[in-house]
Amino acid sequence: MFNTLKRLYLEQRLTDIMLGRAVEKGWITEEEKKEIMDSNGGM
């Protein structure tokens, strides 16, 4: 799931809010969310 969410985020098809929801659902951890957000230079 992490790789899929990261790819979608990098393609700008996923927002920060959506990543937060993924954490709430237990799909990724808060640490993974931060890693995804940092990988895109904070876009």
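Worth a mention:
- Evaluating 6.51 cos²θ - 1.76 cosθ + 1.60 at θ = phi - 60° for every residue in segment 6-16, the Karplus couplings come out as 5, 4, 4, 5, 5, 7, 6, 9, 9, 9, 4 Hz, glycine and proline recorded as x.
- Directionally averaged shadow of the chain, computed from the convex hull of its alpha-carbon atoms, nm²: 2.4
- Per residue, in Å², the accessible surface of the chain once ligands and nucleic acids are set aside, probe 1.4 Å: 74
- Linear extension gain, M1 paired with E31, 0.36 nm per residue minus alpha-carbon span: 9.4 nm
- Note on the chain: with charges restricted to the Cβ of Lys and Arg (+1) and Asp and Glu (-1), its dipole about the Cα centre is near 200 debye.
- Share of carbon and sulfur in the accessible area of the chain stands at 49%, probe radius 1.4 Å.
The values are calculated or read from the model by the stated rules, or taken from the named source; none is laboratory data. All of these numbers come straight from a predicted model, not from anything done at the bench. Note: ideal-geometry Cβ built from the backbone for every residue, glycine included; neighbour counts use all protein chains shown. All accessible areas refer to the heavy atoms of the entire protein, side chains included, with ligands and DNA or RNA removed. Shrake-Rupley method; radii C 1.70, N 1.55, O 1.52, S 1.80 Å.
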